[in-house]
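J.: Can you read through this structure? Questions will come right after.
The values are calculated or read from the model by the stated rules, or taken from the named source; none is laboratory data. Just so it is clear, the structure is predicted and the values come from calculations on it, not from any experiment. Glycine also receives a Cβ, built like all others from the backbone with ideal geometry; neighbour counts cover every protein chain displayed.
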C-alpha cells in the first residue's frame, strides 16, 4: 500500500490526454461551466481595458494599459472594470457546451483518423489538437459573435462613436433597429477567417511547446521516471502561456479591426466594412494603430492561455468516469 501511495502522484505522459469516451459528459459540462466562468471573471478587466483602448478616440490609445485601468477604476469603480461581464458570462454557458463538445469530439476523431498514418506520436497529437481547435472555434463562432458584439458594446459605453445602451436587451434592440440581424454579426466574416486558424495556432503552439518542455526535462513515454501532478500542471501552464503569447502577437491587428467594426457606429456614409474600418484606423493612427490595446491583450491571452489549459485539464481529470 505504501508503494502504491508513493507512486500515485506519478503519471505517464501518454496517459495525460483524457479522451472523450472516458469522460462523464454531465459532470464535464457542469464543472466546466463553473470553473471557466470563474476564470472569465478573473480576466474580464483586462478585456475591458483592451477593448476600450482599441475603440477610443479620446487619447486612451496613447496611454499605457495600467493607466487606462486606473482611469476606469477612478471614474467608474469596480463595476466599470466588469462592464458586460454578466452578459458575457451568462451568455457564454451554452456556447461553452458547444465549444467543449466539438473540441473533444473533433480531437478524438482526428486521433483515430491519423492512427494509421506514419507520423510520430507528438506530431499526431499536435495535428489532432490543431484541427480540433480550428473546427471547435469555427462551430462556436456562430454563437459567440453576436454575444461579443453585445458585450463589447456594453464595455465601451460613453466613448466617441459608440451608442449608449441601458443593458444587453437594449443593445440588441438598437442594433436590430439600426441594421437588422446582420448588425449582430458584424465582423463575422473576419472572425471566421481569423479565429479558427488562430485557434489552430494556439493549440498547435501549446502541443509543440509542451512536447519541447517535456523533452528538455528529460522525459520520455517509455521511461520509468514519470512526472508528478505538480510538474504536469507547471508544464501545461507554461506551454499555455507561451501559446497565448504567440497567438496575441499575430492576432492583435485583426482583433483591433474586428472590435472597432463591432462597436463603432459613426463611420460616416455607408455601412461599416472591414476595408473601411482598416483604412480609417490606418489614416488616424498609422500602422501602430492596429496594435491598440496590445499590452492588455498580450497579458489577457498569456494569462488566459495559462489558466485556461490548467482549468481545462483539471476539468477533464475531475470528469473521468468512475470505475
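J.: For the range 257-268, check the following and say yes or no: at least one residue is under 17 Å from residue 192 (Cβ atoms), in a helix (DSSP H, G or I) and at pLDDT 80 or above.
T.: Checked against the condition, which is being under 17 Å from residue 192 (Cβ atoms), in a helix (DSSP H, G or I) and at pLDDT 80 or above, the range 257-268 yields at least one hit.
J.: Would you be able to tell me the number of residues in the range 178-233 that are crowded, with 16+ Cβ neighbours inside 10 Å, touching a residue at least 40 places away in the same chain (Cβ under 8 Å), over 30 Å from residue 261 (Cα atoms) and within 28 Å of the chain's Cα centre (by Cα)?
T.: Residues flagged as crowded, with 16+ Cβ neighbours inside 10 Å, touching a residue at least 40 places away in the same chain (Cβ under 8 Å), over 30 Å from residue 261 (Cα atoms) and within 28 Å of the chain's Cα centre (by Cα) within the range 178-233 amount to 6.
J.: For the range 305-323, which residues satisfy the criterion of being in a helix (DSSP H, G or I) and either in contact with a strand residue (DSSP E or B) (Cβ under 7 Å, 6 or more places away or on another chain) or closer than 14 Å to residue 249 by Cβ (or both)?
T.: If the condition is that a residue be in a helix (DSSP H, G or I) and either in contact with a strand residue (DSSP E or B) (Cβ under 7 Å, 6 or more places away or on another chain) or closer than 14 Å to residue 249 by Cβ (or both), then 305, 316 are the ones that fit.
J.: If the requirement is being within 26 Å of residue 92 (Cα to Cα) and either assigned to a loop (DSSP other than H, G, I, E, B) or modelled with pLDDT under 75 (or both), which of these qualifies: 57, 17, 21?
T.: 17
J.: Something else now. Could you tell me whether residue 279 is assigned to a helix (DSSP H, G or I), over 28 Å from residue 200 (Cβ atoms) and modelled with pLDDT of 80 or more?
T.: Criteria met by residue 279.
J.: Of everything in the range 82-98, what is surrounded by 15 or more Cβ atoms within 10 Å (Cβ to Cβ) and over 17 Å from residue 27 (Cβ atoms)? Give them in sequence order.
T.: 82, 83, 84, 85, 87, 88, 89, 91, 92, 95, 98
J.: Among the residues of the range 116-129, is any under 17 Å from the mean Cα position of the chain (by Cα) and modelled with pLDDT of 85 or more?
T.: no
J.: Tally time: how many residues in the range 143-170 are in contact (Cβ under 8 Å) with a residue 40 or more places away in the chain and part of a helix (DSSP H, G or I)?
T.: Count: 13.
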